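The values are calculated or read from the model by the stated rules, or taken from the named source; none is laboratory data. These figures come from a predicted structure and were not determined experimentally. Ligands, DNA and RNA are stripped out before the accessible areas are found, and what is left, the full protein with its side chains, is counted by its heavy atoms. Shrake-Rupley method; radii C 1.70, N 1.55, O 1.52, S 1.80 Å.
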Amino acid sequence: MTAAARMLPILDLARFASTHPEREQALAELRDVSRTLGFFYLTGHGIPQRQQRFP
C-alpha cells in the first residue's frame, strides 16, 4: 500500500442510507473530507473487486 493510500479516508456508502443510525455523522465526514482533502476511498458501493480499475 502506498503512503497516499494510507492517508486517504475510507467512507462507507452504506452509512449514507436514510435509515442508517450513523447517517448524519457520515454526511459530516463527507463534507469535511470533500472540503479539506477532496479525495477519499468509497466502500460499500457493490462494485466487485474484479471490475474495479486502478491506474
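Of all accessible surface on the chain at a 1.4 Å probe, what whole percent is carbon and sulfur?
Answer for the chain is 58 percent, counting heavy atoms of protein chains only.
Please give the per residue accessible area of the chain, computed with a probe of 1.4 Å over protein heavy atoms only, in Å².
Dividing the accessible area of the chain by its residue count gives 85 Å².
In terms of the Cα gyration tensor, with a ≥ b ≥ c the square roots of its eigenvalues, is the chain rounded because a/c is under 1.5, prolate because a/b exceeds b/c, or oblate?
Verdict is oblate for the chain.
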